1. Would you mind calculating the relative contact order of region 87-181 from Cα pairs under 8 angstrom and at least 6 residues apart, reporting the percent as a whole number?
2. How high is the relative contact order of region 168-247, in percent, with contacts defined as C-alpha pairs under 8 Å that are six or more residues apart?
3. Evaluate the distance, in nm, between pseudo-label points positioned 7 Å from the Cα of residue 234 and of residue 204 along their respective Cα→Cβ axes.
4. Note the full-extension length gain between residue 226 and residue 111 as 0.36 nm times their separation in residues minus their Cα-Cα distance, in nm to one decimal.
5. Pick from 212, 31, 103: which residue has the top mean-square fluctuation in a GNM of the chain where Cα pairs under 10 Å get a spring?
6. Under the 0.36 nm per residue contour assumption, what length would be gained going from the current alpha-carbon distance of residue 18 and residue 69 to full extension?
7. Hey, in the GNM for the chain with a 10 angstrom Cα cutoff, which one of 213, 226, 88 fluctuates hardest?
8. Can you give me the Cα centroid spacing of region 204-247 and region 59-124 in angstrom?
């Protein structure tokens, strides 16, 4: 058994009874959390979900990362599909008292990963050209969404994590943003919840240089007016559980 599955005391609700179906290792994650007025976000989430807020503010998070060691339960890592680059844009919601994540987009640089996730989960995966470089403990990720109509969303960011590793404090905005253990999506006309599991976050601060950001322009047109809360994590193993139909 993976050691992460033995550590569950930090979860706000129990692990599902069903076994996990897929695992991935996420590396070099950068979290850019932007405060935003709730009314700017509410119209973009399904009526069946309630926007979650912290002290009256909604939040949009932009998260570049590397996915590695992906495999389906009972199978070895699939050739050419066990690692790729990804860029997420998400907000925070709640349903029946269960806090979770709602994705506006998930850009990936692997066509099969994009197609498989769209079909299997209904999550809004999109193909993009993404490059990742590391030099002298500084990371740079450049993502350019492949053209869909007239819209081209992209991000160019470099980041250097600090040396100090810490856990977030319960009740803090950092803890509220990070400690989420399910995601919601629509697929086939149904509202679905997918549970996830990982160890409690241990993160670092980071020095960030955002060279260009046009992700989710309908939401983040004024994100640059507010400095983001920043977190960095070098590695976390994730477990994904079967989707459950809520409606």
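Read-outs throughout are calculated quantities, based only on the coordinates presented, and are distinct from any laboratory measurement. Note that the structure is a prediction, hence the values are computed from the model and not measured. As a convention, Cβ positions derive from the backbone with ideal geometry for all residues, glycine included, and neighbour counts pool all protein chains shown.
1. Answer for region 87-181 is 19 percent.
2. Taking the mean separation of contacting Cα pairs over the length of region 168-247, I get 39 percent.
3. Distance between label points: 0.6 nm.
4. The residue 226-residue 111 span can extend by a further 38.0 nm.
5. 212
6. Gain on extension, residue 18 to residue 69, equals 16.2 nm.
7. With Cα springs under 10 Å in the chain, the top fluctuation among 213, 226, 88 is at 226.
8. 12 Å
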